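Novice: Dropping the structure in here first, questions after.
The values are calculated or read from the model by the stated rules, or taken from the named source; none is laboratory data. Only a predicted model underlies this, so the values are computations on that prediction, with no experimental measurement involved. In this analysis, Cβ positions are derived from the backbone assuming ideal geometry, glycine residues included, and neighbour counts consider all displayed protein chains.
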Amino acid sequence: MRVTAEAARVLITVKTTPMPSTKYGDTVCVAGLRIDGPTPSWVRLYPIAFRWLDPSSRFKKYDIVDLEVRRRDGDSRPESYSPTEDSIQIVDHLDGWKARQPIMGKVPRTSTCALRAAAVRHDAPSLGMVPVGRLIGVKWEAHPGWTPAEQDKIANALSQTRLSLFGSPTVPPKLEAPPFKFSYRYECTALGCPGHSGQLLDWELTELQRRYKTKSVEQLKGAVEHNFREVMFADKRDTSFFMGNFEDPKKRQNFSVLGVYYPESRVANPPAALFDLDDDEI
């Protein structure tokens, strides 16, 4: 990682579910659009030990943040930067699709087919906004739970005291694995697209499952289907996926769904989500 830092202003569009980490206990991959240049450009911010941040720095999706970043030299993906966590300042929030569209409307769209084909190059795009041509269906898998190594990472983090900027202990609840994995089966807009399957890694999915942990499996699945299928793919919505791949060169062609962009500008009465999910209570 380079020592030289630079200032960046980022519109946050992606926060993935927390994952166990040896160094940080658990980390979140964040992505968004740099808006301090002439045109919006994708940036990945990793690692961020989000649950351990001081509350004043815990941004939500579609917050605009100022922060210090350094290029991740060990990661050849051009969008990857490491943030300085104590430099994060929330400066604004874009509330609603109308407020977001002046920036999001300038973002070039691509296809999963194009991203996968280009991924053989080490400097190929690793983030992209992909309009969904057709939703084929969804797939459910039971989450196997944390491996023994992942459990050790979590336990080690909880055994240490990490201090907030104000000097008080900041120890979040133990990170629990969600009960299910959820994937979309879909076609992108590329001509002759053979179809894709992409696991949804959005924090909102994990948080919704946490909220329903005392409910039945049928109730949990019904809530997920409502929010992530009925609401986000309602008629006449302009639904797109935020796509991202993995750092491992052997897995560069594997793109996951990091989040969903689903403006309601062309629908009068879209289904309402059950509740605002981006509360970061995990």
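Novice: For segment 78-89, which residues satisfy the criterion of being of a type outside the set (A, V, I, L, M, F, W, C), touching a strand residue (DSSP E or B) at 6+ places or on another chain (Cβ under 8 Å) and not in a strand (DSSP E or B)? Let's see the steps before the verdict.
Specialist: If we filter segment 78-89 for residues that are of a type outside the set (A, V, I, L, M, F, W, C), which is where we start, we get 78-87, 89.
Then keep just the ones that are touching a strand residue (DSSP E or B) at 6+ places or on another chain (Cβ under 8 Å); that gives 79-85, 87, 89.
Once the filter is applied, which keeps residues that are of a type outside the set (A, V, I, L, M, F, W, C), touching a strand residue (DSSP E or B) at 6+ places or on another chain (Cβ under 8 Å) and not in a strand (DSSP E or B), segment 78-89 yields Glu79, Thr84, Glu85, Ser87.
Novice: For residues that are within 14 Å of Leu45 (Cα to Cα) and touching a helix residue (DSSP H, G or I) at 6+ places or on another chain (Cβ under 7 Å), tally how many sit in segment 86-122. Break it down into steps so the answer makes sense when it comes.
Specialist: Just the residues of segment 86-122 that are within 14 Å of Leu45 (Cα to Cα), to begin with: 86-88.
Filter once more, so that each one left must be touching a helix residue (DSSP H, G or I) at 6+ places or on another chain (Cβ under 7 Å): 88.
The number of residues fulfilling the criteria is 1.
Novice: Given (1) more than 18 Å from Gly133 (Cβ to Cβ); (2) surrounded by fewer than 17 Cβ atoms within 10 Å (Cβ to Cβ); (3) at pLDDT below 60, where does Gln253 come up short, assuming only one miss?
Specialist: Here Gln253 meets the rest and fails (3).
Novice: So which residues in segment 1-53 are of a type in the set (D, E, K, R), assigned to a loop (DSSP other than H, G, I, E, B) and in contact with a strand residue (DSSP E or B) (Cβ under 6 Å, 6 or more places away or on another chain)?
Specialist: Taking segment 1-53 and keeping what is of a type in the set (D, E, K, R), we get 2, 6, 9, 15, 23, 26, 34, 36, 44, 51.
Filter once more, keeping what is assigned to a loop (DSSP other than H, G, I, E, B): 2, 23, 36.
Once the filter is applied, which keeps residues that are of a type in the set (D, E, K, R), assigned to a loop (DSSP other than H, G, I, E, B) and in contact with a strand residue (DSSP E or B) (Cβ under 6 Å, 6 or more places away or on another chain), segment 1-53 yields Arg2, Asp36.
Novice: Which count do you get for residues in segment 180-211 that are part of a strand (DSSP E or B), among the small types (Gly, Ala, Ser) and surrounded by fewer than 16 Cβ atoms within 10 Å (Cβ to Cβ)?
Specialist: Looking only at that region, the number is 1.
Novice: Moving to a separate point now. Look at segment 196-217 and say how many of its residues are farther than 14 Å from Glu141 by Cα and either touching a strand residue (DSSP E or B) at 6+ places or on another chain (Cβ under 9 Å) or of a type outside the set (Val, Ile, Thr) (or both).
Specialist: Quick first cut of segment 196-217, residues farther than 14 Å from Glu141 by Cα only: 196, 202-204, 207-208, 210-216.
Imposing the further condition that a residue be either touching a strand residue (DSSP E or B) at 6+ places or on another chain (Cβ under 9 Å) or of a type outside the set (Val, Ile, Thr) (or both) reduces the set to 196, 202-204, 207-208, 210-213, 215-216.
Within segment 196-217, residues that are farther than 14 Å from Glu141 by Cα and either touching a strand residue (DSSP E or B) at 6+ places or on another chain (Cβ under 9 Å) or of a type outside the set (Val, Ile, Thr) (or both) number 12.
Novice: Filter segment 54-77 down to residues that are touching a strand residue (DSSP E or B) at 6+ places or on another chain (Cβ under 7 Å) and under 18 Å from Ser21 (Cα atoms), then give me how many there are.
Specialist: Selection size over segment 54-77: 1.
Novice: Looking at this structure, is Ala177 within 30 Å of Asn156 (Cβ to Cβ), surrounded by fewer than 21 Cβ atoms within 10 Å (Cβ to Cβ) and among the small types (Gly, Ala, Ser)?
Specialist: Details: within 30 Å of Asn156 (Cβ to Cβ): yes; surrounded by fewer than 21 Cβ atoms within 10 Å (Cβ to Cβ): yes; among the small types (Gly, Ala, Ser): yes.
For Ala177, the condition - within 30 Å of Asn156 (Cβ to Cβ), surrounded by fewer than 21 Cβ atoms within 10 Å (Cβ to Cβ) and among the small types (Gly, Ala, Ser) - is met.
Novice: So Ile103 ticks every box in (1) free of Cβ contacts under 8 Å to residues at least 60 places away in the same chain; (2) farther than 25 Å from Ser197 by Cα but one. Which box is left unticked?
Specialist: Only one criterion is unmet by Ile103, namely (1).
Novice: Here is a further query. Identify all residues within segment 90-121 that are in a loop (DSSP other than H, G, I, E, B) and over 19 Å from Pro38 (Cβ atoms); write none if there are none.
Specialist: Filtering segment 90-121 down to residues in a loop (DSSP other than H, G, I, E, B) leaves 94-96, 105-108, 110-111, 119-121.
Listed by number, the residues that qualify are Leu94, Asp95, Gly96, Thr110, Ser111, Ala119, Val120, Arg121.
Here is a yes/no grid of residues against (1) surrounded by 17 or more Cβ atoms within 10 Å (Cβ to Cβ); (2) of a type in the set (Phe, Trp, Tyr); (3) free of Cβ contacts under 8 Å to residues at least 12 places away in the same chain:
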{"position": "Pro20", "(1), (2), (3)": "yes, no, no"}
{"position": "Gly32", "(1), (2), (3)": "yes, no, no"}
{"position": "Trp52", "(1), (2), (3)": "yes, yes, no"}
{"position": "Lys60", "(1), (2), (3)": "no, no, no"}
{"position": "Arg70", "(1), (2), (3)": "no, no, no"}
{"position": "Arg77", "(1), (2), (3)": "yes, no, no"}
{"position": "Tyr81", "(1), (2), (3)": "yes, yes, no"}
{"position": "Val91", "(1), (2), (3)": "no, no, no"}
{"position": "Trp97", "(1), (2), (3)": "no, yes, no"}
